[in-house]
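Heads up, the thing below is written out as structure tokens.
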Amino acid sequence: MQFLDKKFFISERGGSFKGEFLGGLTTFLTISYIIFVNPAVLSLTGMDKAALVTVTCVASAIGSFLGGILGNVPISLAPGVGLNAFFTFTLVMGNGIPWQDALGVVFFSGVFYLILAFGGIREKIINSIPQSLATASTVGIGLFLSLIGLKSMGIIVADPTTLVKIAPITLPVGLSLGCLFLMYILDMKNIKGGVLLSIIITSIVGMFLGEVPIPEKLLSSPPSMKPLFFKLNILGVLKLSLLGSIFSFMFIDLFDSLSVLMFSYKEVPFRNEEERKKGLGRMLYADCSSTIIGALLGTSTVTTYGESIAGIKMGAKTGLASIFTGLLFLLALFIAPIVEAIPVFAVAPALVIVGIFMFRNVSQLDLSNMKEAIPSFMTIIFMPMTHSIAIGLSIGFISYIIINVAARDYKKISITLWLIGILSVINLLI
């Protein structure tokens, strides 16, 4: 106990062993829905669902361990919901890329992210990206996720005239709607693990109504990762046509992680400002390293989770809480039969609720200023309309540069942003 206190500075930050455990447990309950959502989304690409359960738990555990040890902050990492949707619906299903190649794209996004971190270029990119576009990308991904969620719930279907229309309300659709509103209610009442609880309740109701098969057993040994482990295609993705996707994954992970860390770090009682700065840099290393490891294991981008703030509010002050969260993910390895029985209509509402959380950032945009409103709107609207985060980002960057050139406000366009704009044009042309 004394060793842990000295290693993580628990006493010096005014924390306690109990607070770290409760904080880690709270964070796990808050983000554990990813154990159900990630396999459900990625398995649509043809990836083995049972293996995905193991990979999700192991990748989340490793990511949380790295965050706890390198950054010494109570912030956990797991496969990102928006990024797994980009992986499935844009790269694999939209562009017809094999999932093995898509894992290669994720791998290189992590490698380039790591190179930027070591080379000091990361700060230049962060400083050159307009805050309005970074915020708009979050909002656009929120809409994109909501569209995918509503489609997976069976609420909306394709229509040749209006593109989409509302679908007939069948029993699974009704259960899915009930699950979505249950998530709303539990979130408003600040009930920890509300998303996970809603998924479980809906699945149980579905079992009683005969819509969900009852699992033969609740616990089992963890499924093998062999169908996914090291199955990524690295050499096959080294081509110009996938460069835009690689950088899109990298940019989204960078924006998302930085915004989560900047917000969460305000709640962590660091001993001094130097410790805070070093911790932030180390967490970004943990983030890109987790992405690389996750791709090797067989999952989409592993990123920091903003829901970790729930654990901080429960008393977590150090990285020990993230260690506890990681250990709980390892314990979850033994519930694979339950995860495999969870239906899509119980999981899909989680995409919508996460989309709402991301869309709330729209309040940070100054839409009264057309120089900000136009690029932001183009970024936001093109993501769901084209079913592509990469295209939304590309059009957003190009719009920002064109608007500011037209306004002769050249000082807002750095050399780095010009380079990003050129890469965006190439991405659209390809």
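Of the residues that make up segment 198-209, is at least one assigned to a helix (DSSP H, G or I), surrounded by 21 or more Cβ atoms within 10 Å (Cβ to Cβ) and within 19 Å of the chain's Cα centre (by Cα)? Among the residues of segment 198-209, at least one is assigned to a helix (DSSP H, G or I), surrounded by 21 or more Cβ atoms within 10 Å (Cβ to Cβ) and within 19 Å of the chain's Cα centre (by Cα), which makes the answer yes. Each residue in segment 44-61 was checked for being part of a helix (DSSP H, G or I) and farther than 17 Å from P222 by Cβ, and 2 of them qualify. Do the conditions hold for I338, that is, is it in contact (Cβ under 8 Å) with a residue 12 or more places away in the chain, touching a helix residue (DSSP H, G or I) at 6+ places or on another chain (Cβ under 7 Å) and surrounded by 19 or more Cβ atoms within 10 Å (Cβ to Cβ)? For I338, the condition - in contact (Cβ under 8 Å) with a residue 12 or more places away in the chain, touching a helix residue (DSSP H, G or I) at 6+ places or on another chain (Cβ under 7 Å) and surrounded by 19 or more Cβ atoms within 10 Å (Cβ to Cβ) - is not met. Report, by residue number, each residue of segment 301-325 that is of a type outside the set (V, I, T) and touching a Gly at 6+ places or on another chain (Cβ under 7 Å). Across segment 301-325, the qualifying residues are G311, M314, G315, A316, K317, G319, L320, A321, S322, F324. Residues in segment 10-43 that are small (G, A, S) and modelled with pLDDT under 85: S11, G14, G15.
The numbered conditions (1) touching a Ser or Thr at 6+ places or on another chain (Cβ under 7 Å); (2) under 24 Å from I148 (Cβ atoms); (3) crowded, with 23+ Cβ neighbours inside 10 Å; (4) not polar (S, T, N, Q) are all true for P343 except (3). Look at (1) modelled with pLDDT of 85 or more; (2) in contact with a helix residue (DSSP H, G or I) (Cβ under 7 Å, 6 or more places away or on another chain) and you find that A390 fails only one, number (1). Within segment 303-320, being in a helix (DSSP H, G or I) and more than 20 Å from the chain's Cα centre (by Cα) holds for K313, L320.
When segment 346-382 is filtered for residues that are under 28 Å from Y33 (Cα atoms), touching a Ser or Thr at 6+ places or on another chain (Cβ under 6 Å) and of a type in the set (G, A, S), the ones remaining, listed by number, are A346, A348, G355.
Selection over segment 73-106 of residues that are outside any helix (DSSP H, G or I) and surrounded by fewer than 24 Cβ atoms within 10 Å (Cβ to Cβ) gives a count of 6. Which of the residues belonging to segment 219-266 are assigned to a loop (DSSP other than H, G, I, E, B), charged (D, E, K, R) and within 30 Å of I335 (Cβ to Cβ)? Correct list: K226, K231.
Candidates V205, V157, V139: the one that is β-branched (V, I, T) and under 30 Å from D366 (Cβ atoms) is V139.
Checked against the criterion of being of a type in the set (V, I, T) and modelled with pLDDT under 80, the candidates V260, V205, V212, V237 yield just one match: V260.
Taken as a whole, the structure places F357 among residues that are modelled with pLDDT under 90 and of a type outside the set (A, V, I, L, M). Scanning segment 179-198 for residues that are at pLDDT 90 or above and touching a helix residue (DSSP H, G or I) at 6+ places or on another chain (Cβ under 6 Å) gives C179, L180, L182, M183, L186, S198.
The set of residues in segment 154-197 being in contact with a Gly (Cβ under 9 Å, 6 or more places away or on another chain), assigned to a helix (DSSP H, G or I) and among the small types (G, A, S) consists of S176 alone. In the condition set (1) out of contact with any strand residue (DSSP E or B) (no Cβ under 9 Å at 6 or more places or on another chain); (2) assigned to a loop (DSSP other than H, G, I, E, B), S300 is compliant with all but (1). Within segment 17-36, the set of residues being surrounded by fewer than 24 Cβ atoms within 10 Å (Cβ to Cβ) and among the aliphatic types (A, V, I, L, M) comprises L22, L25, L29. Residues in segment 416-430 that are in contact (Cβ under 8 Å) with a residue 60 or more places away in the chain and either more than 22 Å from T138 (Cβ to Cβ) or in contact with an Asp or Glu (Cβ under 8 Å, 6 or more places away or on another chain) (or both): I426, I430. Applying the condition of being part of a helix (DSSP H, G or I) and hydroxyl-bearing (S, T, Y) to segment 1-43 and asking which residue is nearest to T301 (Cα to Cα) yields S43. With respect to the conditions (1) surrounded by fewer than 12 Cβ atoms within 10 Å (Cβ to Cβ); (2) under 23 Å from the mean Cα position of the chain (by Cα), K239 falls short on a single one, namely (2). Condition check for V302 on (1) closer than 20 Å to E20 by Cα; (2) crowded, with 24+ Cβ neighbours inside 10 Å; (3) not polar (S, T, N, Q): one failure, at (1).
The values are calculated or read from the model by the stated rules, or taken from the named source; none is laboratory data. It should be emphasised that the depicted structure is a prediction, and the values quoted were computed from it without experimental measurement. Here Cβ is always computed from backbone atoms with ideal geometry, including for glycine, and neighbour counts include all displayed protein chains.
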